[in-house]
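S.K.: Structure provided below as structure tokens; questions to follow.
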Amino acid sequence: MDGCRILVADDDDSLRETLVEILRFEGYEVEAARDGRQAVLSATRSRPSVVLLDMRMPILDGWQVARQLAALGVNVPIVVMSAQVDAEAAARGLRAAGWLEKPFKLEELLPTIGRLCA
């Protein structure tokens, strides 16, 4: 956990704030972004260890965020968060490090983060 920075990018205020609170409680450094443009700016500035990325956000969607990060040389593991049935397919398409289908449980979130921050 030491030095593991997580960027939570989701336009759902309630989910984003809950994830930030839980991850901080678990000892992670956490930043939050409410739209895709904010996610790209935050990731470029802070170079997180992991990005939790919602696929449907305003301004830039998850696909656009991932493409912009790659174009900017920000190589960070991405965990796709999606309520879509094809969350796994989206994750494969992005070559993401993992995926979480909304709604997900802490028992799914924390091991995924722990694995990527190890």
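The values are calculated or read from the model by the stated rules, or taken from the named source; none is laboratory data. Predicted, not measured: the structure shown is a model, and the values here were computed from it. With ideal geometry, Cβ positions are generated from the backbone for all residues, glycine too; neighbour counts draw on all protein chains shown.
S.K.: Which pairs turn up if I take residues in segment 78-97 that are farther than 12 Å from Trp63 by Cβ and look for partners that are assigned to a strand (DSSP E or B) and among the acidic types (Asp, Glu) with beta carbon separation below 6 Å, at least 6 apart in sequence or on another chain?
M.R.: Met81/Asp54; Ala87/Glu101
Residues are listed down the side, and each one gets a yes or a no for (1) closer than 19 Å to Glu101 by Cα; (2) touching a Pro at 6+ places or on another chain (Cβ under 7 Å); (3) basic (Lys, Arg):
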position	(1), (2), (3)
Arg5	no, yes, yes
Ala9	yes, no, no
Leu23	yes, no, no
Gly27	no, no, no
Ala39	no, no, no
Ala43	no, no, no
Pro48	no, no, no
Leu53	yes, no, no
Met57	yes, no, no
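S.K.: Something else now. From the list Leu72, Leu60, Leu41, Leu23, pick out the single residue that is closer than 19 Å to Leu106 by Cβ and hydrophobic (A, V, I, L, M, F, W, C).
M.R.: So the residue among Leu72, Leu60, Leu41, Leu23 that is closer than 19 Å to Leu106 by Cβ and hydrophobic (A, V, I, L, M, F, W, C) is Leu23.
S.K.: OK, next. Before we move on, is Ala71 without any contact (Cβ under 8 Å) to a residue 24 or more places away in the chain and not hydroxyl-bearing (Ser, Thr, Tyr)?
M.R.: yes
S.K.: Only one residue in Val85, Val40 is of a type in the set (A, V, I, L, M) and at pLDDT below 95, so which one is that?
M.R.: Matching residue, one of Val85, Val40: Val85.
S.K.: Moving on to the next point. Return yes or no: is Gly93 of a type outside the set (S, T, N, Q) and either at pLDDT 90 or above or touching a Cys at 6+ places or on another chain (Cβ under 6 Å) (or both)?
M.R.: Here the answer is no, as Gly93 does not meet what is asked.
S.K.: Tell me which residues, restricted to segment 23-36, are touching a strand residue (DSSP E or B) at 6+ places or on another chain (Cβ under 9 Å) and in a helix (DSSP H, G or I).
M.R.: Leu23, Arg24, Gly36
S.K.: Where the second residue is assigned to a strand (DSSP E or B) and of a type outside the set (A, V, I, L, M, F, W, C) and the first is without any contact (Cβ under 8 Å) to a residue 60 or more places away in the chain and surrounded by fewer than 16 Cβ atoms within 10 Å (Cβ to Cβ) and lies in segment 3-15, which pairs have Cβ atoms under 8 Å and are six or more apart or on separate chains?
M.R.: Listed pairs, sorted by first residue: Gly3/Glu29.
S.K.: Could you check segment 37-118 for strands (runs of 3 or more DSSP E) lying wholly inside it with 1 or more residues that are out of contact with any Ser or Thr (no Cβ under 7 Å at 6 or more places or on another chain), more than 16 Å from Arg5 (Cα to Cα) and of a type in the set (Ser, Thr, Tyr)?
M.R.: Strands (runs of 3 or more DSSP E) meeting the threshold: 78-82.
S.K.: Anything in segment 17-62 that is under 13 Å from the mean Cα position of the chain (by Cα), surrounded by fewer than 23 Cβ atoms within 10 Å (Cβ to Cβ) and of a type in the set (Gly, Ala, Ser)? List them, or say none.
M.R.: Correct list: Ala32, Ser42, Ser49.
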